[in-house]
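Peer 1: Handing you a structure now.
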Amino acid sequence: MRKNSPSTEHRDSLRRLPSVDRLLLAPAVTTLDLDFPHHVRVDLAREVLAAARAAVVKGAAAPTLDELARRLQQAAAQRFQPSLQPVINATGVILHTNLGRAPLSAAALQAMAAVGAGYSNLEFDLAGGTRGSRYTHLTAALSALTGAEDALAVNNNAAAILLALSALAAGKEVIVSRGEAVEIGGGFRIPDVLAQSGARLVEVGTTNRTYVADFCDAITPATAVILRVHSSNFRVMGFTHEPNLAELATAAGSRGIPVIYDLGSGSLLDTADFGLHPEPTVQEALAAGCAVVTFSGDKLLGGPQSGLIAGKSDYIAAMQRHPLTRALRLDKTTIAGLEATLSHYQKAEALSHIPVWQMIAAQPSELADRARRWQQALRSANAAAFTASVAPAESAVGGGSLPGETLPTRALRLSSPDQTPDALAGKLRSGNPPLVVRIERDAVVLDPRTVLPADDEAVLRALQALIR
Ligand SMILES: *Cc1c(COP(=O)(O)O)cnc(C)c1O
């Protein structure tokens, strides 16, 4: 084949490329900060030289040693760039599951660092000098905030539901409304989780209408639990009926059957205060008589990934004894972050300290100010190359909470006659840190609501780099 037989000219250029050993011993390279094991340096040098050889064969000139050294440094930086890295979320979706859901508060991060950096009393009773339990660190705060008798935290809400059903309903029947035997997302389907727990699903009612009587009529000696699932990522409209939670809990309770409620996001604050549809709060669900509620730690709670379980103490105790609890247990840093997050609620400072709530509470006027500052960064640009305006738009809460609900925002709309919105979005994603935007009506849209104020300067730099 042609490309395997380079011309004389190419052969000369190829001959000018150094060997791996000569490259690594060149002064331009030995002065670099390449403090890796020899085999790693050799590997990087091979990579750089192979790329140079391929370019020469295609007609490029042989790079100088200085240039090869520069490429070597770049290759090293790339190889040791962590795969998981911070990004700036300008999509306007507050709880973006693909972008890691809730950003954590400064206090949560501090608590996680403090406990992660050394030893802790994770499972150690300091007063008695004896073995303790990792779960006790969170119970007092969770009980005080929700009104529950007892509480438990595990890896995530999916784990919480699996554990609750495994501990309370294995080998027995679980009654679920037809409208709630749903897929939550990422392949997490209620009927499958139920099967995994060893419980049998008994569906009652219809997709749009289910009554208390439907549940009661389905109760048999084999019934262990009634499971309710919050419709967190869809909404059934029109001719619908859901049984009143308190009526259902009373009717089931009089027959000795606990109601477990998967709240999904499980807010501790009333979302209606922010002009949003009211999400059921954890306190309300327990006050209505649910025996057990489960919810995520990294949705509206605004903490690290976890699944919280609150409810009657004998059911929580049964879960604590179940062998799955060991497999689903939380890491010490997560417990520290959760405890600090819950403490914000106890001190009534969630709105000012928890990023998720700061974002929900942000006002369009302040968002407009921030979007206008970004717009200024584009003023210097060749006026014809970009169009930038600050316009009304909608932010979303996301993360399987408040489906279809949006918050009015002011966003920067950016477009260019010679670049598609996809191309612009791709360039912003390739920056350092990557900037993730959404595309709407043929423009790139940057919503300040989900950009942490500390990242405003980085957004300015990304926009300036884009127009250069
Ligand atoms: C998000 C959600 C889950 C899953 O929670 P994870 O914490 O992601 O495991 C389960 N049920 C509902 C209703 C949800 O909204």
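The values are calculated or read from the model by the stated rules, or taken from the named source; none is laboratory data. Predicted, not measured: the structure shown is a model, and the values here were computed from it. Positions of Cβ are generated from backbone atoms using ideal geometry, with glycine treated the same way; all protein chains shown enter the neighbour counts. Ligands, DNA and RNA are excluded from the accessible area calculation, which covers all protein heavy atoms including side chains. Shrake-Rupley method; radii C 1.70, N 1.55, O 1.52, S 1.80 Å.
Residue-by-condition table, conditions (1) outside any helix (DSSP H, G or I); (2) closer than 25 Å to residue 155 by Cα:
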| residue | (1), (2) |
| --- | --- |
| 255 | yes, no |
| 279 | yes, yes |
| 284 | no, yes |
| 295 | yes, yes |
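Peer 1: Something else: If residue 325 meets every condition in (1) away from the ligand (no atom under 13 Å from the Cβ); (2) assigned to a loop (DSSP other than H, G, I, E, B) apart from one, which number is that one?
Peer 2: Result: residue 325 fails condition (2) only.
Peer 1: Any residue in region 24-46 that's among the charged types (D, E, K, R): show its pairings with residues that are open to solvent by less than 50 Å² (accessible area, probe 1.4 Å) at Cβ separation under 6 Å, as long as the two are six or more apart or on different chains.
Peer 2: That search, which allows pairs on different chains as well, returns 41/24; 41/34; 46/20.
Peer 1: Oh, and also: Would you mention how many residues in region 135-144 are surrounded by fewer than 19 Cβ atoms within 10 Å (Cβ to Cβ) and either within 16 Å of the ligand (Cβ to nearest atom) or at pLDDT below 95 (or both)?
Peer 2: Selection size over region 135-144: 1.
Peer 1: Here's a follow-up. Select, from 310, 350, 252, the only residue that is more than 16 Å from the ligand (Cβ to nearest atom) and under 30 Å from residue 197 (Cβ atoms).
Peer 2: Answer to the check: 252.
Peer 1: Let me ask something else about it. Please determine whether any residue of region 178-187 is surrounded by 22 or more Cβ atoms within 10 Å (Cβ to Cβ) and under 24 Å from residue 329 (Cα atoms).
Peer 2: No - not one qualifying residue is present in region 178-187.
Peer 1: Additional query: Say we look at region 245-263 and pick out the residues that are farther than 22 Å from residue 319 by Cα and open to solvent by less than 30 Å² (accessible area, probe 1.4 Å); which of these is farthest from the chain's Cα centre (by Cα)?
Peer 2: Here the residue is 251.
Peer 1: May I pose another question? How many residues, within region 101-131, are open to solvent by 50 Å² or more (accessible area, probe 1.4 Å) and at positive phi?
Peer 2: Residues in region 101-131 being open to solvent by 50 Å² or more (accessible area, probe 1.4 Å) and at positive phi: 1 in total.
Peer 1: What number of residues within region 305-329 satisfy the criterion of being open to solvent by 10 Å² or more (accessible area, probe 1.4 Å) and under 23 Å from the mean Cα position of the chain (by Cα)?
Peer 2: So the answer is 4.
Peer 1: Still on this model: Could you go through region 297-307 and let me know if any residue there is touching a helix residue (DSSP H, G or I) at 6+ places or on another chain (Cβ under 8 Å) and farther than 19 Å from residue 94 by Cβ.
Peer 2: yes
Peer 1: Next up: In region 39-69, what residues are farther than 17 Å from residue 21 by Cβ and outside any loop (DSSP other than H, G, I, E, B)?
Peer 2: Residues satisfying the conditions are 51, 54, 55, 56, 57, 66, 67.
Let's see how each residue does on (1) open to solvent by less than 30 Å² (accessible area, probe 1.4 Å); (2) in a strand (DSSP E or B); (3) away from the ligand (no atom under 16 Å from the Cβ); (4) of a type in the set (Asp, Glu):
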| residue | (1), (2), (3), (4) |
| --- | --- |
| 133 | no, no, yes, no |
| 166 | yes, no, no, no |
| 171 | no, no, yes, no |
| 174 | yes, yes, no, no |
| 202 | no, yes, yes, no |
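Peer 1: Would you point out which residue out of 342, 414 is assigned by TED's automatic domain parsing to the domain that holds residue 274, hydrophobic (A, V, I, L, M, F, W, C) and closer than 30 Å to residue 82 by Cβ?
Peer 2: Unique residue meeting the criteria: 342.
Peer 1: On the given criteria, is residue 151 crowded, with 16+ Cβ neighbours inside 10 Å and touching a residue at least 60 places away in the same chain (Cβ under 8 Å)?
Peer 2: Yes: the conditions hold for residue 151.
Peer 1: Does residue 187 count as under 28 Å from residue 213 (Cβ atoms) and of a type in the set (Gly, Ala, Ser)?
Peer 2: For residue 187, the condition - under 28 Å from residue 213 (Cβ atoms) and of a type in the set (Gly, Ala, Ser) - is not met.
Peer 1: Which one of 288, 222 is farther than 20 Å from residue 157 by Cβ and hydrophobic (A, V, I, L, M, F, W, C)?
Peer 2: Residue meeting the stated conditions: 222.
Peer 1: Does at least one position in region 446-464 carry a residue that is touching a Leu at 6+ places or on another chain (Cβ under 9 Å), more than 16 Å from the ligand (Cβ to nearest atom), at pLDDT below 95 and open to solvent by 30 Å² or more (accessible area, probe 1.4 Å)?
Peer 2: There is at least one residue in region 446-464 that is touching a Leu at 6+ places or on another chain (Cβ under 9 Å), more than 16 Å from the ligand (Cβ to nearest atom), at pLDDT below 95 and open to solvent by 30 Å² or more (accessible area, probe 1.4 Å).
Peer 1: Can you tell which of 187, 147, 179 is more than 16 Å from the ligand (Cβ to nearest atom) and among the small types (Gly, Ala, Ser)?
Peer 2: Step by step, each of 187, 147, 179 is checked, and only 147 is more than 16 Å from the ligand (Cβ to nearest atom) and among the small types (Gly, Ala, Ser).
Peer 1: Let me ask you something else. Given the conditions (1) within 15 Å of the ligand (Cβ to nearest atom); (2) free of Cβ contacts under 8 Å to residues at least 60 places away in the same chain, report the number of the one that residue 282 does not fulfil.
Peer 2: Every listed condition holds for residue 282 apart from (2).
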